[in-house]
């Protein structure tokens, strides 16, 4: 596999095909794989011998893929980036709380088997 460069518009299209919600390449995401923030500009694109393209997290040394990316570190309700994101996106706060994040009622998480 080799890394390939794309014009910004094509890279943005590729990101949206595989990750769905990139407004621009300056947008930041969080990688669950490495717990770091990165931008679309830093995402690496690899091409295999058959011509198939693969996306990698923009953090050096991380091979996280789009399935590992999130708009903010939702898994950490105390993280400053989570608080900042939810403050800027009030429509997301209810979804976050309903999913058991900060402000939730602290109900029983146990799944009976």
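By the equivalent-ellipsoid construction on the alpha carbon gyration tensor, the chain comes out with semi-axes of 31, 16, 12 Å, ordered largest to smallest. Go ahead and collect, in residue order, the members of segment 10-28 whose backbone nitrogen is under 19 Å from a label point 7 Å along the Cα-Cβ direction of residue 92. Under cut-off, by backbone N: 15-28.
Counting beta carbons within 10 Å around each of 25, 86 and listing the fewest first gives the order 25, 86.
If each residue's Cβ is checked for other Cβ atoms within 10 Å, how do 96, 6, 38 rank with the fewest at the top? Could the numbers behind the result be given before it?
Details: 96 19, 6 13, 38 22.
Ordered by Cβ neighbours within 10 Å, fewest first: 6, 96, 38.
The spread of Cα positions in segment 10-67, taken along each principal axis and listed from longest to shortest, comes to 31, 24, 17 Å. Principal axis analysis of the Cα atoms in segment 1-42 yields extents of 27, 27, 16 Å, listed in decreasing size. In the chain, the longest principal axis of the Cα atoms and the axis of helix 8-19 are about 50 degrees apart. To the nearest Å, what is the center-to-center distance of segment 65-94 and segment 17-39, using C-alpha atoms only? Centre-to-centre (Cα) distance: 12 Å.
Descending by average beta-carbon neighbour count within 10 Å, the peptides 43-49, 12-18 line up as 12-18, 43-49, the highest first.
A simple spin-label model places the labels of residue 83 and residue 47 4.6 nm from each other, with each point 7 Å out along Cα-to-Cβ. Taking other C-beta atoms within 10 angstrom as a stand-in for reagent exposure, 75, 54, 69 fall in the order 75, 54, 69, fewest first.
Read-outs: derived from the displayed coordinates by stated rules, not from any lab. Computed from a predicted structure; not experimentally measured. When we count neighbours, we look across all protein chains shown, and the Cβ atoms used for this are built from the backbone with ideal geometry, even at glycine.
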